[in-house]
Amino acid sequence: MTSLALLGATGSLGSHVARQATSAGHRLSVLVRSPGKLSPEVASRAQVLTADLMTMPTAMLAQFAEGHDALVCCAGNVTEGERFVALVDHVVSAVESLPSQARPLCWFMAGAALLDFDTKGRRGVDLPKIGSTYWPHRANYERLLRSDLDWRLLCPGPMVDQPALGMDKLRMSTDVLPAQLPALAGHLPPVLVLPMFAALVPEMIIPYADAASVMLANLERGGALYRKRVGLALPVGMRGTKDHWAAQPKAD
């Protein structure tokens, strides 16, 4: 049995993590502002701490995380800008304050724009328009790099509330996009790469349930995902929209 601390358990992704964790028999602790928003099955089986993540003392947050095998942070949103950066820093600082033997493995959330798309290490956040919204992902990644925590950073495209495809059907990558840009993109300026990057996004629209499954299936320390950015994409030939996903011919 794995002991799991979860932040953001009432959100779109966190609620999937919570349900899957309890169904799998993990020992689950959740920190939420509004316990009434938890599903009945999670509320009845999880240890619930009611608190505001942003304003709670670092020591209190550290105590919540201490001794668990893993911590999954699904809290916050990139559109919150500085607030999202402050939230992630708060969580990282709390775990850093613990003795090394009491620290959980940590999963954090970012997005596909943080993944490298060419051999020069350029990323979606380096492209015009994208960086102005998704820059917090870069800031949070840099904060994790400065830490000595055992972390993984999930970087999907947009996520949707659709039935899971199953992890065995997804394409998964580390540090690079799971769907490739044309080789020519590596020689083009950012303004010309932008539409190519945008054309790949439908391949990376992932069900929340699958994103949750990937994190819960990778809770072992060290390993191939240790301190890696993890990308996810639909099977080759499948593209999606924010409203639905469907099999379509893959664009050349």
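The values are calculated or read from the model by the stated rules, or taken from the named source; none is laboratory data. This structure is a prediction, so every number in the text was calculated from the model and none was measured. Virtual Cβ from ideal backbone geometry, glycine too; neighbours counted across all protein chains shown.
Which count do you get for residues in segment 80-94 that are in contact with a helix residue (DSSP H, G or I) (Cβ under 7 Å, 6 or more places away or on another chain), farther than 20 Å from R33 by Cα and either assigned to a helix (DSSP H, G or I) or modelled with pLDDT under 95 (or both)? Final tally of qualifying residues: 1. Is it true that some residue in segment 52-62 is more than 15 Å from the chain's Cα centre (by Cα) and under 30 Å from A198 (Cβ atoms)? No: segment 52-62 contains no residue that is more than 15 Å from the chain's Cα centre (by Cα) and under 30 Å from A198 (Cβ atoms). Here R123 fulfils each of the conditions (1) at pLDDT below 95; (2) buried (at least 22 other Cβ atoms within 10 Å of the Cβ); (3) charged (D, E, K, R) apart from (1). Being of a type outside the set (S, T, N, Q) and surrounded by fewer than 23 Cβ atoms within 10 Å (Cβ to Cβ) is the filter; apply it to segment 1-12 and report the residue that is modelled with the highest pLDDT. Here the answer is G11.
Summed over segment 117-157, residues that are charged (D, E, K, R), within 17 Å of R103 (Cβ to Cβ) and either touching a strand residue (DSSP E or B) at 6+ places or on another chain (Cβ under 9 Å) or not in a helix (DSSP H, G or I) (or both) total 3.
Could you tell me whether segment 220-243 includes any residue that is among the hydroxyl-bearing types (S, T, Y), assigned to a loop (DSSP other than H, G, I, E, B) and at pLDDT 95 or above? Among the residues of segment 220-243, at least one is among the hydroxyl-bearing types (S, T, Y), assigned to a loop (DSSP other than H, G, I, E, B) and at pLDDT 95 or above, which makes the answer yes. Considering each residue of segment 142-154 in turn, none proves to be more than 16 Å from the chain's Cα centre (by Cα) and farther than 23 Å from R221 by Cα. If only residues of segment 89-99 that are within 19 Å of the chain's Cα centre (by Cα) and under 12 Å from L71 (Cβ atoms) are counted, the one that is surrounded by the fewest Cβ atoms within 10 Å (Cβ to Cβ) is V92. Annotation note: Cβ proximity below 7 Å between a residue of segment 1-27 that is on the phi < 0 side of the Ramachandran plot and a residue that is among the aromatic types (F, W, Y) (sequence gap 6+ or interchain) occurs for A5/F64; S12/Y208; L13/Y208; H16/Y208. Spot the failing condition for K169; the list is (1) closer than 19 Å to R122 by Cβ; (2) exposed (fewer than 15 other Cβ atoms within 10 Å of the Cβ); (3) in contact (Cβ under 8 Å) with a residue 24 or more places away in the chain, and only one is missed. Evaluating K169 over (1) closer than 19 Å to R122 by Cβ; (2) exposed (fewer than 15 other Cβ atoms within 10 Å of the Cβ); (3) in contact (Cβ under 8 Å) with a residue 24 or more places away in the chain leaves (1) as the failure.
Filtering segment 172-218 to residues that are within 17 Å of the chain's Cα centre (by Cα), crowded, with 21+ Cβ neighbours inside 10 Å and outside any helix (DSSP H, G or I) leaves L177, P178, I205, I206, P207.
Of all the numbered requirements in (1) assigned to a helix (DSSP H, G or I); (2) in contact with a helix residue (DSSP H, G or I) (Cβ under 7 Å, 6 or more places away or on another chain); (3) of a type in the set (A, V, I, L, M, F, W, C), A75 misses one, and that requirement is (1). Checked against (1) farther than 22 Å from C155 by Cα; (2) part of a helix (DSSP H, G or I); (3) of a type in the set (G, A, S), G67 passes all but a single condition, namely (2).
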